[in-house]
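Data first, discussion second: the structure below is written as structure tokens.
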Amino acid sequence: MVRFTFIFLLSLFVQSSSAQSDWTIVGKIIDDKSKEAIPFASALLKNSDNDEIVAGVTTDINGDFTLETSTNKVYLEIKFVGYLTRILPIVFDSNMVDLGNLCIEPNAESLGELNITAEKSSMEFKLDKRVFNVGQDISSTGMGAMEVLNNVPSVNVDIEGNVSLRGNQGVQILIDGKPSVMADDLSSALGSISADMIEKIEVITNPSAKYNAEGTSGIINIVLKKEEKKGVNGSISFNTGWPHNHSVGGSINLRANKFNFFTQFGAGYRSLPRYEESINQSYIDSSKVESDGVNYRNENFYNITLGTDYYINDYNTITLSGNFAYEIEQQPSETEFWLYDGNNDLVSNYKRTEVTSALNPKFQYDFNYVRESKNNKDHKLQFSALGRSFSKDQSSEFNNVVLIGSDAYADQQTRTDFYQTDYTFKLDYTNPLNDKWSIESGAMYEINDVGNDYGVYDDDNGVWVSDSSLTNNFVFVQKVLGLYATGAYESEKWGVKVGLRAENTDLNTLLENTGQSNNQFYTNLFPSIHSSYKINKKFSMQIGYSRRIFRPRLWDLNPFFNIRNSYNIRTGNPNLLPEYGDSYELTAIYMNNKFSLNGSVYYLRTTEVVERITVLENNVNITMPMNIGTRDKVGIELNGDVDINKSIDLNGDFNFGYFNRRGTFNGQNFDFISNQWSSRATMKIKLPANFDIEITGNYQSKFETVQGVTSGYLFGDIGMRKKLWKGKGVINFSVRDIMASRIRENTVVQDDYYVYAFSQRGRFITLGFSYSFGKGEAMTYNGGRRH
């Protein structure tokens, strides 16, 4: 089935690309001074006799355009705001006219008022990655980085904040090519990044050896905007929403000859409610525990980023930046429990309330030095040093009130003293030997130092007594040394890139109170190869292979847990081993002025697969990650975009994966074959008076797990935008998860027990206003995350 679909898609591309008018004109529009490509410029073919428009397009993200005409009596007119119009006669020597690079000059009179923005998000394809350029889509209103990720083809973020790529977790998230502040908690890592701060997102399903080998499913690199406009530029925004999501944020940039100063800041309050219910049932004695409740994560948050680029000269640049974020967190919750005996008679019913408070300071500091060659700016040496720290001082109180029954449940308290400090040092060297050949090499050294001191105390007749079985200090220290080298050849039509990376891992964990330790020391090789072939300007092919690793993180290894719900416990496994993945991919890409489509066939083989296994003991379900066997997944992915007319644009993606799961655990066989698929469609409509509407629908299919089933769900978003004062001001309104149907529902069915878990976030409504000054762009900023 997969092979037939791909062959059909390939033949469709070839047939489409072969159909053309009598004459075809191609070219690339660039800035006369900087020689950089100009996207979204207008290229018009006009009749030489009467000046009527024969055909017209806008350039793509690379400045390229293609025009087709059935008459050869035409001339070309190039227009773009802030530039002088250029008229160019066309002389036809053949059916195909390649005009090459066409320079246009800035209009000195209007240059001071130039304000260029990318209205629509777009996708471009590189040799070893896909690049999602983040435009001013309405769905980004009040959004954080997690929601922007959910708009990227191939990427899905569930309501728990778990990121998957083509349905697989084990994804490495980078920010500007570097590990995030809190790699173990993506919600915290991306909490202070908003949609307006993001320039593009690189999706790398088969990373080259240049990249850290972490992440068996691939890499997602979030590239933040760097303002380059001279003078003082900036933007400020206000947002409000329900559930509570109120914030103010801004950015200021000062660009001088030698220095570029930048800052971004935000503050606000948000509330994140979540409804949960669960059922634990034993098939041995038919006893059962049910629970449901609502918990909140309410936060006051403040964050600021300060930085400067210092241009020593034309070839040497130093960047220093720092970020500080501070959260004051409250987590009130109330959960009700019902306990039934083997005859289904209610034995006990009680409510458990939680009052949790926490202080979360975060720091990040970054030093970067780049030296470029005088002969070629791509010939450069780059050194970077990154430091990150996060800490949490948290205390909780749990009180129980019995509603039915005589059993007494002791009140409890917990305290958490958590810290994480990370250091990353990188040295990268790039040398384009000539127009076709290039080499890269480099080294990386990363240190992760984490500690989690956790204590539980029971109320014994008014005296708080430490529960030694639940109290411990977990220390995690990991050091990774990496070395890599790549070589690439790229001509006008064909390119290939090969590389090899070696990484040594030194991991040590210790439970201080019990003395239980886990020491791992291992070295791995990670080869990669990528190739592309451009059949014509509309149709190209890519193929790639890479080997990756997923190293267990703190919460995968730490055996201690939150006691919010004493009957549903998630804990880590100190003996967990790394997961390895080998990824193969073949992609076909077709693009023209109105329509683009790319299709991929991929195969991912994963060994030592990390699965979360649930066991039931005394009506308490305990979920722990385990290494269980292998998974072989074959899939097909389609992404498309079509401009139906000047007012309506439609884009979507579809991913289908068929997987074979093999493994055993505690004598139980987990072999099975299943599939999983997802789809997304977005319609963007331009209305009169500068109004825009955007509607998005998403569907995630159900899929089989090693112990049960995860349910599917359908949800939709809608957004509206009104531009004011030629785009300097923007009013945004959005509703995410309109039907409150985005859920997480898992069922575990085994011979001896049944476990059901359900959670739901609900509908989010946001209203925002933003205004830019100087040459800045209006933005929408919420200062933080929402799942």
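Observations on the structure shown:
- Above 15 Å, the calculated P(r) of region 359-432 contains 72 percent of its Cα-Cα pairs.
- Inverse of mean 1/r across different Cα pairs in region 620-755, Kirkwood, Å: 18.5
- Positive-end ranking of Ala358, Ser348, Tyr310 along the dipole of region 274-430, with charges on Cβ about the Cα centre, is headed by Tyr310.
- Thr523 versus Ser466: modelled label distance in nm, points set 7 Å from Cα along the beta carbon direction: 4.3
- Placed amide H near Ile198: partners under 5 Å, 5+ positions off or other chain: Lys225
- Rounded if a/c under 1.5, otherwise prolate or oblate - region 478-568, Cα gyration tensor axes: oblate
- Debye intensity ratio I(q)/I(0), log10, region 234-370, q values 0.20 Å⁻¹ (C-alpha model): -1.12
- Three semi-axes of the equivalent ellipsoid, region 337-476, Cα gyration tensor, whole Å, largest first: 57, 18, 12
- Under the Karplus curve 6.51 cos²θ - 1.76 cosθ + 1.60, θ = phi - 60°, whole-Hz ³J(HN,Hα) for region 617-622, x wherever Gly or Pro sits: 9, 6, 6, 9, 8, 10
- Stokes-Einstein D in µm²/s, Kirkwood radius over Cα pairs - region 447-512 at 37 °C with 0.692 mPa s viscosity: 197
- In percent, rounded to a whole number, the relative contact order of region 272-334 is 33, using alpha-carbon pairs under 8 Å and six or more apart.
- Sites matching trypsin sites (Lys or Arg not before Pro) across region 545-611 that sit in DSSP coil, with at most 14 neighbouring C-beta atoms within 10 Å: Lys594
- Peptide packing: for 404-417, 457-470, the average count of neighbouring Cβ atoms within 10 Å per residue gives the ranking 404-417, 457-470, highest mean first.
- Centre-to-centre, using Cα atoms only, region 699-748 and region 44-71 are separated by 39 Å.
- Accessible area ranking (1.4 Å probe, heavy atoms, ligands and nucleic acids excluded), largest first, for Met591, Met739: Met739, Met591.
- Amide H to amide H, with H built 1.01 Å from N, His244 comes under 5 Å of Ser271, counting only residues 5 or more places away or on other chains.
- Here the Karplus relation 6.51 cos²θ - 1.76 cosθ + 1.60, evaluated at θ = phi - 60°, turns the backbone of region 475-485 into coupling constants of 10, 10, 10, 10, 10, 10, 10, x, 10, 8, 8 Hz, with x for every Gly and Pro.
- Across region 582-595, computed HN-Hα scalar couplings (Karplus, 6.51 cos²θ - 1.76 cosθ + 1.60, θ = phi - 60°) run 10, 10, 10, 8, 10, 10, 10, 10, 10, 9, 9, 5, 10, 8 Hz from first to last residue, x flagging Gly and Pro.
- Close amide H pairs (under 5 Å, H built 1.01 Å from N) link Phe40 with Thr59, Asp60, Gly63, residues at least 5 positions away or on another chain.
- More than 14 Å apart - percent of Cα-Cα pairs taken over region 582-651: 73
- Principal axis dimensions, largest first and in whole angstrom, of region 687-745 by Cα: 57, 17, 16
- Over region 465-515, Cα pairs under 8 Å with separation of 6+ residues give a relative contact order of 47 percent.
- Dipole axis of region 627-677 (+1 Lys, Arg; -1 Asp, Glu on Cβ), positive-most option in Phe654, Ile644, Phe672: Phe672
- Protein accessible area in region 617-665, 1.4 Å probe - carbon and sulfur %: 60
The values are calculated or read from the model by the stated rules, or taken from the named source; none is laboratory data. Worth saying up front: this structure is predicted, and the values here are computed from it rather than measured. Note: ideal-geometry Cβ built from the backbone for every residue, glycine included; neighbour counts use all protein chains shown. Surface areas here come from the heavy atoms of the whole protein model, side chains and all, with no ligands, DNA or RNA. Shrake-Rupley method; radii C 1.70, N 1.55, O 1.52, S 1.80 Å.
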